[in-house]
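To start, the structure under review is shown below, and the notes come after it.
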Amino acid sequence: MSASELIRSSAAVMAAKLAAGEITSVELVQAHLDRIAEIDGGERGIHAFLHVNGEEALAVAADVDARRAAGEELHELAGVPIAIKDLIVTKGQPTTAASKILEGWMSPYDATVIKKIRAARMPMLGKTNLDEFAMGSSTEHSAYGLTRNPWDLDRIPGGSGGGSAAAVASFEAPLALGTDTGGSIRQPGSVTGTVGVKPTYGAVSRYGAIAMASSLDQIGPVSRTVLDSALLQEVIGGYDPQDSTSLTDPSTGLADAARVGNVAGMKIGVIKELHGEGFQAGVENRFNESLELLREAGAEIVEVSCPNFGYALGAYYLIMPSEASSNLAKFDGVRFGARTLPTEGPLTIERVMGATRAAGFGAEVKRRIILGTYALSAGYYDAYYGSAQRVRTLVQRDFEAAFEQVDVLISPTTPTTAFKLGEKLDDPLSMYLQDVATIPANLAGIPGLTLPGGLADEDGLPVGIQLLAPAREDARVYRVGAVLESLLEAKWGGPMLNQAPELATTAVAAEEAN
Amino acid sequence: MNTETILSFEEAMEKYEPVLGFEVHVELNTKTKMFSSAPNVFGDEPNTNVNEVCLGLPGVLPVVNKKAVESSILIGLALNCKIAPHSTFARKQYFYPDTPKNFQTSQYDDPICYDGWIDIELEDGTVFHVEIERAHMEEDAGKLTHMGGSTGRIQGADFSLVDYNRSGVPLVEIVTKTIEGAGSRAPELAKAYVAAIREIVKNLGVSEAKMEHGNVRCDANVSLRPHGQEKLGTRTETKNVNSLRAVENAVKFEIQRHAAVLDSGVAITQETRHWHEDTKSTTSGRPKSDADDYRYFPEPDLVPIVTSAAWVEELRATLPEPPAERRKRLQADWGYSDLEFRDVVNAGLMDEIEETIAAGATAAAARKWWMGEIARRAKLADVDPAALGVTPAVVVEIEKLIASGAINDKLARKVLDGVLEGEGTPTEVVAKRGLAVVSDDGALQTAIDEALAAQPDVAEKIRGGKVQAVGAIVGGVMKVTRGQADAGRVRELILKTLGVEG
């Protein structure tokens, strides 16, 4: 198998080849590092990575190979490389949250998920780009430059986790970690033709994920197949005593669920409010195709109504900025990260904090801090934060009622395919609407998965299908997702990413640019 | 420098009625901090007892210290509070470098303990019933030291040093309801209240309870209103009152200051005041209004604290005897007079005396040693008597040596010297220093003969019947034997030598 074929395999296949001794982890990691060197840099490069961790990744790979050669029992994914969203803290690599305020910051500790990745001996390829502090739906809000969508280099890769999704879509990594507060794993997955899962709130420890909105944030897997996401969630999931909100009884048997292979007799609910008006025609067409395939496979498709979802986006844009304004208060230049001194006037602590935050945060971060600070202010709290929390309860009740009727819910992941770079930068409301279908799951804490549903007729760009299940029932989205994936791939004659354009080498261009 | 005009306390009392309120912060002595596994130790090198959580680094999450919750519940139970079956934390948000996250995690809407009371007994036996509004959990801030400038405060300082060892130390804040009707006893009540809280948390074993270490810190709220007026006056909150005497003085000063301000027809500014021990006065801090906007909201990183009735009852069963009741019981057991007992309490030696008696000493002997020789030496060394290095066992052993006649009181003090210098147990010190009473009659007789020969006139007086003159000869013998003789036996032998009946 050539290196270019190897990197297009699923993580499960890579793991099997490693276990069988057909390839070494060093070869596998090197093939991915070569791919990154080939297409990530330069003016027209993907720019999925903010930091490439080649040396350490190769050292871990060599260690895995030696252990395997010595006959040691290893984790199933040992030696399979992974990319890490740069919102998750790592020892030995900078963690920036794509913000100037954390430029070059080295965490003295590992996130819990990173400890688990290390324990499984998965080589970390590097840190991936994102919207600054995960605030955005296009990765254009990164302080370190945009990331391009491998399907069309002039389009956004989604956000905030555009780097992780683009890395996986362009075969720079078979697996990546993302974080999802309102859709930051699923929306990039949708527009890059990849798989991404937001697990049940509390299924994966948040310890070491730089918080945007604590009650909504969740770390999850990014991959090219449903099974790969299931395997990765099994690595990173589980109770963590360092995260009070982590579940003591999270869902298990995720990979097994992805291997069940049938949906006969399952009831699948189409959320009336999350398709149709406001959704691109090509998105709607692919969505209806998936419904038809599931129906043919023996699932019962019914329509359910979630009447309060219309208020979800508004509630989200009060709760998220409120929590974010508080979580981001610690970035003040006093103890860590960048410090900017005022250019004139006295050097008081308030003025240093102010100058640091003015220089260190980008426009979208400032917008959300201001919104949140306002929403929590005395006299406004009840009207804004309080009302939003009541809407949150109503959204949860909508889900409860829906799941009394059906096993899983289904919708398009995003209303449109990938939009053009720069198109929505001056129109935050339109940007926020990208997350209209993904936000309800965060408000309710339930699991959501996106998988490729085909290409839209009008633009030939990926469409994502979202599956939702009740809290702790992550296994259900993997089961249904894997079945739909195999039905679609049978129809297409292979993975959807086979239809993505070949990416030109940018390595030379990168050198010239330097 | 204090430039405030104040009224005499008596005049202030004639015109106004003081209303008090206290917020007492108690630092818990848990092994680790409120929300992190960093050690909770006082006095270590700055910024060594920290980890990523209490430094508020990116990505960290808090976890509630269960032991701190239990300590809080114990405090609540000792203050006759109700314990909330369900309580939450909130974020109190303000930018200040002693607070690493730029918010303090504290309880706001629903404290773990609420609606309690405590009876405070003043020295003359008057009892005030003080109602407790709430006792809630929170984390301490780091310690700022402002360098340069004359006041030690941030204004005018050249730079500030911050020690995050204290950042995240568990605190329980005990808040009273407004205390009315104390009248001229208000300063005394303030001191007694804080003393009672300190005693309770010490007795519970949940805090080191040392005010000088900031383990117990009091913010004293004072307002005045004309006699007969229902409506409360504007209050001030005096901070930095770090001793019982300071609490008393600060309340007294604020009453006098308020009275002068009100008398001049000016309204009191609602503000924090800072107490200055050197000038025994307060100065204006920052203005504080009820509209201070801390943008409180529920802490999303922590799940609610659920206290089952079974857990609360389990903790209640471990409550020690309340300090006031214990004092009554001990005074009766020991048979001390009110004055003697109060001196013991004020010296902070009740525990030591209790242990000494339990180890076998009589109540009188325990008091004699602790309140006498040990207290005297502690004062010279400027340490707490309990910290001097004398254990109850030492006192008991010395007492036994005296009772057996092996040493006398004067030698006992030398034995104590030896013990404090690390020479071993009292018995070992007696052996090493050769401090045993000279009981060899032959050796004593020689010394007596010499003393009589040296003072023939005194010997003559004694022979003539002036038995009380024997003291001079005894003194001479004691001098020759360097105090190591049993004075009673010496007297006996002198009289026998001179053929006089004692």
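Suppose each label sits 7 Å from its Cα in the direction of the beta carbon; what would the B:A310-B:S37 distance come out to in nanometres?
Roughly 2.8 nm, to one decimal.
Using a basic spin-label model with each label point 7 Å from the Cα along Cα→Cβ, how many nm lie between B:S160 and A:E300?
6.6 nm
Per residue Cα convex hull volume for the protein assembly as shown, in cubic angstrom?
Working: hull volume 241.9 nm³, N = 1016.
About 238 Å³ per residue, rounded to a whole number.
For chain B, what is the convex hull (Cα atoms) projected area averaged across all directions, in square nanometres?
Result: 31.9 nm².
What number in nm² do you get for region B:125-279 if you take the convex hull of its Cα atoms and divide its surface by four? Can you show the working numbers first?
Working: hull surface 44.3 nm².
The orientation-averaged projected area of the Cα hull of region B:125-279 comes to 11.1 nm².
Please list the non-local residues whose amide H lies under 5 Å from the amide H of A:I465, H modeled 1.01 Å from N, same-chain partners needing a gap of 5 or more.
Residues meeting the amide H criterion: A:T413, A:L451, A:G453.
For q values of 0.12 Å⁻¹, compute log₁₀ I(q)/I(0) with the Debye formula on a Cα-only model of chain A, without solvent.
Each listed q corresponds, in turn, to -1.04.
In chain B, with Lys and Arg counted as +1 and Asp and Glu as -1 at Cβ, which of these residues, B:M147, B:H258, B:Y114, has the Cα nearest the positive end of the dipole, that is, farthest along it?
Of the listed residues, the answer is B:M147.
Using r as the Cβ-Cβ distance of B:E325 and B:D409, and R0 as 56 Å, what FRET efficiency do you calculate, to the nearest 0.05?
Working: r = 36 Å, r/R0 = 0.64.
Efficiency for this residue pair is about 0.95.
Could you tell me which helices of chain A pass both thresholds, a Cα extent of 20 Å or more along their own axis and a mean Kyte-Doolittle hydropathy of at least -1.0, with helices taken as whole DSSP H runs?
Working: long enough: A:25-39 (21 Å, 0.41); A:54-69 (22 Å, -0.03); A:281-296 (23 Å, -0.69); A:312-327 (22 Å, 0.34); A:387-405 (28 Å, -0.67); A:474-492 (27 Å, 0.14).
Length and hydropathy pass: A:25-39, A:54-69, A:281-296, A:312-327, A:387-405, A:474-492.
Using a 7 Å offset from the Cα along the Cα-to-Cβ direction at both B:H146 and B:K496, what is the distance between the two label points in nm, to one decimal?
If labels sit at B:H146 and B:K496, their model points lie 7.8 nm apart.
Where the only charges are on Cβ atoms (+1 Lys, Arg; -1 Asp, Glu), what is the dipole of region A:200-287 about its Cα centre, to the nearest 20 debye?
The dipole of region A:200-287 has a size of about 260 debye.
Can you list the cysteines of chain B that have no other Cys Cβ under 4.7 Å away?
B:C54, B:C218
To the nearest 20 Debye, how big is the dipole of region B:9-290 about its Cα centre, given +1 on the beta carbon of each Lys and Arg and -1 on that of each Asp and Glu?
600 debye
Helix-derived [θ] at 222 nm for the protein assembly as shown: sum -39500 (n - 2.57) over DSSP H runs of at least 4, divide by residue count, nearest 500?
Value at 222 nm, helices only: -11500 deg cm²/dmol.
Starting from the amide H of B:C81, placed 1.01 Å from N in the peptide plane, find each other amide H under 5 Å away whose residue is 5 or more places distant or on another chain.
Excluding prolines and chain starts, which carry no amide H, the hits are B:W117.
With r defined as the distance between the Cβ atoms of B:S264 and B:K177 and R0 fixed at 30 Å, what FRET efficiency is calculated, to the nearest 0.05?
Details: r = 30 Å, r/R0 = 1.00.
The calculated FRET efficiency here is 0.50.
Using DSSP to define loop residues, name the GluC sites (Glu not before Pro) in region A:402-460 whose beta-carbon has at most 14 other beta-carbon atoms within 10 Å.
Working: sites: A:E404, A:E423, A:E458; in loops: A:E423, A:E458.
In loop regions of region A:402-460 (DSSP not H, G, I, E or B), the sparsely surrounded GluC sites (Glu not before Pro) are A:E458.
Read the figures in this text as sums done on the coordinates, not as results from a lab. All figures in this text were calculated on a predicted structure; none of them were measured in a lab. Because the Cβ atoms are built from the backbone with ideal geometry, glycine has one as well, and the counts that use them run over all protein chains shown.
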